[in-house]
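Below: one structure, written as structure tokens.
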Amino acid sequence: MTPPTHGFDTLQIHAGARPDPATGARQTPIYQTTAYVFRDADHAAALFNLQEVGYIYSRLTNPTVAALQERMAALEGGVGAVCCSSGHAAQIMALFPLMGPGKNIVASNRLYGGTVTQFSQTIRRFGWSAKFVDIDDTDALAAAIDDDTRAVFCESIANPGGHIADIEAIAAVSDAKGVPLIVDNTTATPYLCRPIEHGATLVVHSMTKYLTGNGTVTGGAIIDSGKFDWSNGKFPSFSEPEPAYHGLKFHETFGPLAFTFHSIAIGLRDLGMTLNPQAAHYTMMGIETLSLRMDRHVENAVKVAQWLEQDPRVAYVTYAGLPSSPSYARMAKYCPKGASSLFTFSLKGGYEDCVKLIDAVEIFSHVANLGDTRSLIIHSASTTHRQLTEEQQIAAGAAPDVVRLSIGTEDADDLIADLDQALTKASGPA
Ligand SMILES: *Cc1c(COP(=O)(O)O)cnc(C)c1O
């Protein structure tokens, strides 16, 4: 393990990586293998019994993926991490050991559109359900948590509205009720925000976004704080004998690593939402420069947001890095290095002008992604948040007159010039 005393810039390059013991290769090799040869029959039995930690089959563990898991745990300040094939897979994997038929989660109503759909529709097929609340209203949050609630879920910086969650206040409520707090830290990244330091139990990521940073692969991760007491009677997957693992009690056997071991031994084994080693490699390459990119993303986002805010064609800009944002005061506490580079703005010309603007940009790419070195633009209401009702769209910050930007690391002046010419085509000259 890399000592936790190292700084973030050191950890993003070194955590989890060591010269390859077989060849001395300095860069972590892509272990493109499905299976691993056992030393002998006893070794194989010990691995299958979880008495010895090692590699069996790449649906469960792979050395390249393991290096990334260790790096993610180090960057978020957790005890362990599990990588998955996408951010959405990570969300299901995070809920899987906590939930059961009839159980529910209480989630913020400001979430990525795909997450709203996953929680309001798809998880019902498992007998799970979600209640959505205004997460700033801690009384409403406390009232929504009932005897069947097994998790509270929010985003640190919400996609797309840029709202910053008061993680400490939310953690205080969920702690008092004995339920874990899961924070989606995709938009902030661990460089800008470290939810575990503010009381989060689990952190989930879409590594597809800023962590990989170049729009090449999908990936997800769950980082465990190791701090939650799974023996409080609500979480039999951890506290009771596990029938799918010959009666093993995960909490008793693995202590603070119970969630991590369960997610690998049961979650990945039986759900199979595994990250492949090639994708893990791309993501690790991205993470090596995370802090450098995030500083530039933030610097550019501030410049573009300030320019948009003073433009007469623009109704409003929701970027937590602007003093006009209701989240601005929270930025100092939760993400003092900046509020990432994802935000929305509204056009006075409404839906029509938004669509025209999107067709007129030249440097910005019209894609359903974010957190790329390239600047990206999308009209959320007609795309990522299309499955939502208009009421849900407005609550999520994706109203029909709103455009979402993910500001890249290009020259800010070029980005502003591109938006200016596109706004002129959409709404006329300033
Ligand atoms: C993209 C995204 C997800 C889903 O991640 P995938 O890798 O696309 O599955 C979840 N949460 C947030 C905040 C996202 O931006």
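Return the single residue from TYR36, TYR351, TYR210 with maximal mean-square fluctuation; model: Gaussian network over the chain, springs between Cα atoms under 10 Å.
Its mean-square fluctuation being the largest, the pick is TYR36.
Under a plain spin-label model, where a point goes 7 Å from the Cα along Cα-to-Cβ, how far apart in nm are ARG374 and THR424?
Here the answer is 2.5 nm between the modelled labels.
Of the residues LEU347, LEU98, LEU50, which exhibits the maximal mean-square fluctuation in a Gaussian network model of the chain defined by a 10 Å Cα contact cut-off?
Most flexible of the set in this elastic network: LEU50.
Pick out the long, greasy-scoring helices in the chain: whole DSSP H runs spanning 24 Å or more along their own axis by Cα, mean Kyte-Doolittle at least 1.0.
Taking the DSSP H segments of the chain (at least 24 Å long, mean hydropathy at least 1.0), we get none.
Give the distance, in whole Å, between the Cα centre of region 305-334 and the Cα centre of region 56-70.
41 Å
If you place +1 on the Cβ of every Lys and Arg, -1 on the Cβ of every Asp and Glu, and leave all else neutral, what size is the dipole of region 185-334 about its Cα centre, to the nearest 20 Debye?
320 debye
Scan the chain and report its longest stretch carrying no trypsin sites (Lys or Arg not before Pro) that are both in a DSSP loop and have at most 11 other Cβ atoms within 10 Å.
40-430
Amide H of ASP184: which non-local residues (sequence gap of 5 or more, or other chain) have their own amide H closer than 5 Å, using H built in the peptide plane?
CYS154, GLU155, SER156, VAL204
Tell me, what ³J(HN,Hα) does each residue in region 243-253 have, in order and in whole Hz, if you take phi through Karplus 6.51 cos²θ - 1.76 cosθ + 1.60 with θ = phi - 60° and put x for Gly and Pro?
Karplus values, whole Hz, x for Gly and Pro: x, 7, 9, 5, x, 5, 9, 5, 5, 5, 7.
Using modelled amide H (1.01 Å from N, peptide plane; none on Pro or chain starts), what sits under 5 Å from the amide H of LEU248, excluding residues fewer than 5 places away?
Residues meeting the criterion, in which the H sits 1.01 Å from N, are GLU242.
I want to check the label-to-label distance for LYS227 and GLU299. Put each point 7 Å from Cα in the C-beta direction and report it in nm to one decimal.
Result for the modelled spin labels: 3.3 nm.
Using the Cα centre as the reference, give the magnitude of the dipole from point charges on the C-beta atoms of the chain (Lys, Arg: +1; Asp, Glu: -1; all else neutral), rounded to the nearest 20 debye.
Computed charge dipole of the chain: roughly 580 debye.
When the Karplus curve 6.51 cos²θ - 1.76 cosθ + 1.60 is applied with θ = phi - 60°, which whole-Hz ³J(HN,Hα) does each residue of region 255-272 get, with x for Gly and Pro?
x, x, 9, 4, 4, 4, 5, 4, 5, 7, 6, 10, x, 5, 4, 9, 9, x
Hey, fewest Cβ within 10 Å first, where do SER365, SER291, SER156 land in order?
Fewest to most other Cβ atoms nearby, the residues stand as SER365, SER291, SER156.
On a C-alpha basis, how far is the centre of region 102-117 from the centre of region 397-430 in Å? Whole number, if you could?
29 Å
Can you compute 3J(HN,Hα) from phi for each residue in region 13-22, using the Karplus curve 6.51 cos²θ - 1.76 cosθ + 1.60 with θ = phi - 60°, rounded to whole Hz and x for Gly and Pro?
9, 9, 4, x, 9, 8, x, 4, x, 7
May I ask what percent, to the nearest 5, of DSSP beta bridges between residues of the chain are antiparallel?
So the antiparallel bridges amount to about 60 percent of the total.
For a quick check: with amide H placed at 1.01 Å from N, whose amide H comes under 5 Å from ALA130's, ignoring anything fewer than 5 positions away on the same chain?
ILE105
With label points built 7 Å along Cα→Cβ from the Cα atoms of PHE126 and GLN32, find their separation and express it in nm.
Going by the 7 Å Cα→Cβ label model, 3.3 nm.
Going down the list LYS227/LYS333; LYS303/LYS356; LYS227/LYS337; LYS131/LYS303; LYS103/LYS227; LYS131/LYS333, which pairs span over 32 Å between their C-alpha atoms?
Beyond 32 Å: LYS131/LYS303.
Test of understanding: what is the full-extension gain from ASP9 to VAL53, defined as 0.36 nm times their sequence separation minus their Cα-Cα distance?
Full-extension gain reported as 12.9 nm.
May I ask you to list the aspartates and glutamates whose Cα is less than 13 Å away from that of LYS425, ignoring any residue fewer than eight positions away on the same chain?
LYS425 reaches GLU352, ASP353, ASP359, GLU362.
Kindly list the residues of region 130-160 that lie in the label zone of ALA169, defined by a backbone N under 13 Å from the point 7 Å along the Cα-to-C-beta vector.
Only 134-142 fall inside the zone, counting backbone N under 13 Å.
Just want the ordering: ASP353, ASP148, from fewest to most Cβ atoms lying within 10 Å of their own Cβ.
Ranking ASP353, ASP148 by Cβ neighbours within 10 Å, fewest first, gives ASP148, ASP353.
Aspartates and glutamates near LYS209 by alpha-carbon distance under 13 Å, same-chain residues fewer than 8 away left out - which ones?
Partners within reach: ASP184, ASP372.
Can you compute the FRET efficiency between ASP20 and ASP270 using 1/(1 + (r/R0)^6), with r the Cβ-Cβ distance and R0 = 22 Å? Round to the nearest 0.05.
With R0 = 22 Å, the Cβ-Cβ based efficiency is 0.10.
Any read-out appearing in this document is the output of simple, stated calculations on the displayed coordinates, not a laboratory observation. Every value quoted in this text rests on a predicted model; they were computed, and no experiment measured them. For neighbour counting, all protein chains shown are included, and Cβ atoms are generated from backbone atoms with ideal geometry for every residue, glycine included.
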